[in-house]
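The values are calculated or read from the model by the stated rules, or taken from the named source; none is laboratory data. None of the values given here were measured: they were computed from a predicted structure. Keep in mind that these areas ignore ligands, DNA and RNA; they rest on the heavy atoms of the full protein, side chains included. Shrake-Rupley method; radii C 1.70, N 1.55, O 1.52, S 1.80 Å.
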Amino acid sequence: VMVGSMEVGLRFISLHNDRNVAEIERMCTQKGVIRYSDDITDTEQFFQAFDSVYFHTEDTETSLLVSDDPSNAITLKIPVVVYWRETAANGNRVDHFSSLFRFVRLHGDSEKISDSWTLPNDAKTLSIRERRKLKRKAIKFHGKRMREAQIQEDLLKEGDRWRKEGDTVDPKKRELIREQKREYWRKKHDKFDQKRKQKLFLQALLEQLTEQEKDVWENGSTYPEHWIMPRVCIDMSFLPLMDSFAHSSVRNQLASVYNRNLEATNPFKIYLSSSPDSAPLFEDLMSKQDGMKRWVGFSVHPTTEVDGLLPQPGLPIVYLSPDAEDVLEDVDDGHLYVIGGLCDRDRKRNITKDKCDSLGIKSCRLPIDEYVSLDGSKILTINAVFAILCTYFETKNWTTALTQNLPKRSIAKIKSSHE
């Protein structure tokens, strides 16, 4: 049963209980006042015409009342809880809750409804929790049926007001809270839009670099004076030396590398390499990092060592190791720089240097001792080393690159500012 106002609804219940069929039929002849329907389309049309009032009912366990009626009739007693909202002319909303008994009499032979009526259930008292639950369901159902932006906005206000605004009626305070919400979502949307533009920019650079590599390594063209992008590789072949806690730390550091590369003015093409022995652990690490296979700018090679990533003759490889004797003097786009994917909490000495010696690769260390004095360990995280390379490639200043990306608490003194 759908009615156009609370007053009409109460009038209908009264007439229905009094079995005043003639008066009910007269009310039904008035357009939109009362309508009986089991069709959901009719319900939607009614709600669109009369959106100031909407109902939500929930049926509980139905009990069967068997009488001695000679017509073999069966009466169903259905407890129903009802919520409805009324919007007054001044815009104020009034919420109503009621507990009713719905009686339906079925003909025993044909199982058709022969009669029905409604009575209040005075014994049922709805708790505050039940009222809130019923109210949320009603608002959600009404919002889905209406498909209108205004109803969705009402749903948001109704859902958030009692949690964040409480029972305040101060319009200034309420508007301030809503403005804070709008500013929060505005910043979130701006950040999402900026990240989308960064991905498109990085994707365009990768396409140009692919064409450049194809001309050089497939078509035999001469090496360009400058490549479109610099390259860096993160060697993940040390995973067997770490525990699960360290693997989790490496995943977080790789995510930081991805975000830093998106923000870079001159982003790098990043390779992830591993050895056949470390491939299962590498695949497991990737499966636990959400979206890692879709990261723009990353090229994943689970079973390829660092010296086999690029086609021959490839590019000169520089492996960054804290135990190396030579100092890295410059970062350019004509080398492949390798960072050890190692969470070295126990300070495992010479691991990366020994691998460089076995592969015949040049190893260098960052010029930390030449530009700053550190208190504590000189072992850096993967994302810190990558950030230093990015900053230096953009500024060509080691002091700036180191002071911006090393932990501030560990820098005791800045020695010089050579460019």
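Using 29 Å as the Cα-Cα cut-off, could you pick out the over-long pairs in K197/K288; K135/K172; K172/K199; K214/K362; K362/K396? Beyond 29 Å: K172/K199.
Backbone geometry of the range 262-277 corresponds, through the Karplus equation with coefficients 6.51, -1.76 and 1.60 at θ = phi - 60°, to 3J(HN,Hα) couplings of 5, 7, 5, 5, 10, x, 9, 8, 10, 9, 10, 10, 7, 9, x, 5 Hz, x marking Gly and Pro. Computed with every protein chain present, the accessible area of M229 is close to 0 Å² [probe 1.4 Å]. Rg and Dmax, both from the Cα atoms of the range 316-364 and both in Å, are 10.9, 34. For the range 240-290, the spherically averaged projection of the C-alpha convex hull amounts to 3.9 nm². For the residues R260, R129, a 1.4 Å probe over the protein chains yields an accessible-area ranking, largest first, of R129, R260.
Once you have the Kirkwood Rh of the range 322-416 from its Cα pairs, apply Stokes-Einstein at 20 °C and 1.002 mPa s and quote D in µm²/s.
153 µm²/s
Is the shape of the range 360-419 rounded, prolate or oblate, going by the alpha carbon gyration tensor and its root eigenvalues a ≥ b ≥ c, with a/c under 1.5 for rounded and a/b larger than b/c for prolate?
Cα axes put the range 360-419 in the rounded bin.
Note on exposure: Y223, Y271, Y371 ranked by accessible area (1.4 Å probe, complete protein assembly) read Y223, Y371, Y271, with the most exposed listed first. Put simply, the C-alpha atoms of the range 183-267 give a gyration tensor, and the ellipsoid matching it has half-axes of 30, 25, 8 Å, longest first. When Rg and the Kirkwood Rh are both derived from Cα coordinates, the Rg/Rh ratio for the range 218-368 amounts to 0.95.
These residues, R349, R132, go from largest to smallest accessible area, 1.4 Å probe, as R349, R132.
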